[in-house]
Amino acid sequence: MPVAARSSRRWLLPCLAVIAGAFLSLAACVVRADEPEAADPHAHHRAMLAQQVRRSEVAYALPNVRVVRQDGKAMSLADALGDDRVVVVNFIYTTCTTICPLSSQVFSQFQAKLGAARGRVHLVSFSIDPEQDTPARLVEYAKKFHAGPNWDHYTGAIEASIAVQRGFDAYRGDKMNHGPLTLLRAAHGKDWVRLDGFASADDLLAAYQDLVARH
Amino acid sequence: MRGPHLGVLCIALLCAAAAQSSAAPPGAGAALYLEGRLPDGRPLQAIGPNGVVARGADAACVNCHRRSGLGSREGDITVPPLTAAYLFRDGATNAADAALAHPPGTTPRSFAYTPETLLQTLVSGVRPDGRSLRAPMPHYVLDATAGRALTDYLASLGVAPAPGVGADEIVFATIVTPDAEPVAREAMLTVLRAYFATQAEAAAARRDEARPNGVAPYRATRRWRLQVWALSGPATDWQRQLGDYQAQDPAFALLSGMAGRDWAPVHAFCEQARVPCLFPNVDLPVVAEQDFYPLYYSRGVLLEAELLRARAAGVRRFVQLYRRDDIGLAAANALRAHAAGVVVEDRVLPAAATTLQARATQLAHALDGIGAEAATLLWLRGDDLRALGNPPPGRILASGLMAGLDDAPLPARWRARTEFAYPLDLPARRALRMRFPLAWLKAHDIPVTALRVQSDSWLACDILAGILEHVGDAYVPEYLVERLETMLGRRLSDGYYPRLGLAPGQRFASKGGALVRLAEDGTVVPVVDWLVP
């Protein structure tokens, strides 16, 4: 449950990545190099979407529950989240076809973009369908998104899963009701940066760099 | 020329090329929509709103817009329908056209797409009215041939009339196989007939209410009609019989149903004929979660095998007893599949044993010489449990479903030492929920003869009724399944099950179970409250 929320809402920087090369080559158009904006006819699309990511900072009182990592190891939620690394959290379920593949793909890209800083960031994905998402299924899912050693997936008892979701104000009553959400924390005891909406890997990178700069 | 104009030109060129596009091979649109495969065999590529690139099956339209093409909803995100009835005309809602399916969350557009503007939108991410597609809709790398194949496929969605849906009624069928246990079969049929009779009365009342202004509010007011499709002869002939039944008087969906040992032909029929098959009373379902149309409560004895294996994780030797013509064979195979590195010995009993004495002799022979280090696993029915003699010295595990659950007739010497798999909620925990089916049975003057069958059959009807309220006018078989995937987890009371839930690719609604002992007085004593193997 959020115990304190500071209204520090701001718009994130629009995503500037250029990704439409494949389309343009298909369209058989010649784009001049001195007109870089022409390479991205989707800029309007993405800029609008980037503005839909809502940022806030919240202190959460997280529950004392046990969660189970993809390797079958059970541990407290505090241990799952609490080491020296920056922690970045999202919520997924492995049979989700709409939001979760996007969120996981963004984590995968973020993981790559971190480069040398990768070892200083702990990516954590909590299943919101824990009875379906056994550790074995989480391993399979993690493999699909090329999860590295600093990206863990957690399941557990359904009561624990609900408690974790409630702890982050992410519980919507049913797995089919969830929305896109990412949370970042600089260090144990610090507030969480909450990003509601479809954050891109660049959004996460910017939020991470901002956290590091401030802490 | 500035950049944005060039971008627009690119799209215009692409769309102009549509007129000269080569014809895609038959099935190309379905392959693109369902599998993310382009007509030339390459994987479809989608670029998501947050820069994510997806390819092939991960980029396929079906992931969000679903097999029906009627869209879906996840949290605050509404995925709109994209059947031709919506796309290629403006302001399409069923307020003006009662024949138009109307899934929730759909908002009418002020413009109609053409195949050309649709392709342009899919490629650019910008609609003809200048607005961007809403997240998480990506834009696609599509050429004119692929675009044509896709729009042709979209035009085919939702066009065929739904089987079993008439002007005033909707037909459901239930299946009984020839080896179904007679008491259980009658228990199921009594519940279904009573439920359908009540629904028909309610539907008639609602239609009468709607008549003053001459408009029926929804086709959900249609009367349900039940057909009982009784199968006969060998299982190898059942699929043909089902095809004949469906051809003579088609059903929109199969509801509940009662099997003995074999349900695979029914499962195969549902998948092949594209008929939803909802929650049959089977303890040995077909595990094929890539299939779409059959939905089950649980994996039955296959789940029990995993529960027992998880419970006996330290056991190094199992001795399994089952009759060679019963479902214990499949359960025993399932346990072996989850027991790598462990000795698993099967002691198979012959098929037919008619007398108690014959059973006792066969069982005594099968149990002979089992040492204390081995766990004995009983995949046996009540008739065999009654005939058990001396228990073996080691651990004893058993199938609760095959034994008869709370009523398992286990001899006194076995009771204290036998742990049953129990893939249901514990009696004390389900008592409150069970008031619903019990009150319904009482209200309909139906005596309790086979409570789990009666409760599960009632639950199947209740689930269907609830889902049809949300289906509205969209009587599309695939959409029925999709709504079940989305909404089943939102029910508050599920009889014997602590919770039910599905999703795309999930076909078993209850995932776990308990481990229990049976006390002398019949009380169920929990050993493990709930375990998901």
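Assorted remarks:
- With 0.36 nm allotted per residue and the present C-alpha distance subtracted, the B:T198-B:D407 stretch has 72.1 nm of extension available.
- Averaged over peptide B:56-64, the number of partner chain Cβ atoms lying within 10 Å of each residue's Cβ comes to 2.
- Projected label distance in nm at A:K190 and B:H470, using a 7 Å step from Cα toward the beta-carbon: 4.0
- The alpha-carbon of B:K511 sits under 22 angstrom from the alpha-carbons of these lysines, leaving out residues fewer than 8 places away in its chain: A:K73, A:K175.
- Paramagnetic label reach from B:D179 (point 7 Å along Cα→Cβ; backbone nitrogen cut-off under 17 Å): within the range B:243-260, residues B:258-260.
- 15 Å cut-off, amide nitrogen to a point 7 angstrom out along B:D521 Cα→Cβ, residues in the range B:419-433: B:428
- Annotation: aspartates and glutamates with alpha-carbon distance below 12 angstrom to A:K144 (same-chain offsets under eight excluded): B:D58.
- Taking the centroid of alpha carbons for each part, the range B:505-522 and the range B:129-181 are 36 Å apart.
- The packing ranking of peptides A:94-104, B:468-478, A:164-174, highest mean first, is A:94-104, B:468-478, A:164-174, where packing means the average number of other beta carbon atoms within 10 angstrom of each residue.
- Estimated at 0.36 nm per residue, the fully extended path between B:R134 and B:A23 surpasses their Cα-Cα distance by 36.9 nm.
- For B:V481, the shell of other residues with beta-carbons less than 14 Å away shows a net charge of -1, using +1 for Lys and Arg and -1 for Asp and Glu.
- Label point at B:A247 placed 7 Å out along Cα→Cβ; residues across the range B:160-203 whose backbone nitrogen lies under 18 Å: B:163-164
- Once the mean of 1/r is taken over each pair of separate Cα atoms and inverted, the range B:434-484 shows a Kirkwood hydrodynamic radius of 12.2 Å.
- Per residue, the convex hull spanned by the Cα atoms of chain B measures out at 174 cubic angstrom.
- Reciprocal mean inverse distance between Cα atoms of the protein assembly as shown - Kirkwood radius, Å: 28.5
- Amide hydrogen proximity for A:W151: with H placed 1.01 Å from N in the peptide plane, the residues at 5 or more positions away or on another chain lying under 5 Å are A:L123.
- Span-like helix ranges in chain B, DSSP H, alpha carbon extent 24 angstrom or more, Kyte mean at least 0.0: B:451-471
- Per-residue ellipticity at 222 nm computed for the protein assembly as shown from its helices equals -10500 deg cm²/dmol, with DSSP H segments shorter than 4 residues left out and the rest contributing -39,500 (n - 2.57).
- Close amide H pairs (under 5 Å, H built 1.01 Å from N) link B:R225 with B:I170, B:V171, B:F172, residues at least 5 positions away or on another chain.
- Averaged over the residues of A:206-215, the number of partner chain Cβ atoms lying within 10 Å of the residue Cβ comes to 0.
- Sequence-distant residues sharing a close amide H with B:L397 (under 5 Å, placed H): B:T376, B:L377, B:L378, B:E419
- Simple spin-label estimate for B:A310 and B:A205 in nanometres, 7 Å along Cα-Cβ: 4.4
- Anchor A:K113: aspartates and glutamates whose Cα lies under 12 Å away (excluding residues fewer than 8 positions away in-chain): A:D202, A:D203
- Highest to lowest packing among B:237-248, B:296-307, scored as the average C-beta count within 10 Å: B:296-307, B:237-248
- A simple packing score, the average count of other Cβ atoms within 10 Å per residue, orders the peptides B:251-264, B:502-515 as B:251-264, B:502-515, with the highest score first.
- Calculated FRET value between B:S493 and B:E289, using beta carbons and R₀ = 30 Å, to 0.05: 0.70
- Working from label points 7 Å from Cα in the Cα-to-Cβ sense, the A:A206 to B:D445 distance is 7.2 nm.
- Segment B:R386-B:A155, extension gain: residue separation times 0.36 nm, minus the distance between their alpha carbons: 77.0 nm
Read the figures in this text as sums done on the coordinates, not as results from a lab. The model shown is predicted, which means the values in this text are computed figures rather than measured ones. All Cβ positions, glycine included, derive from the backbone under ideal geometry; neighbour counts span all protein chains shown.
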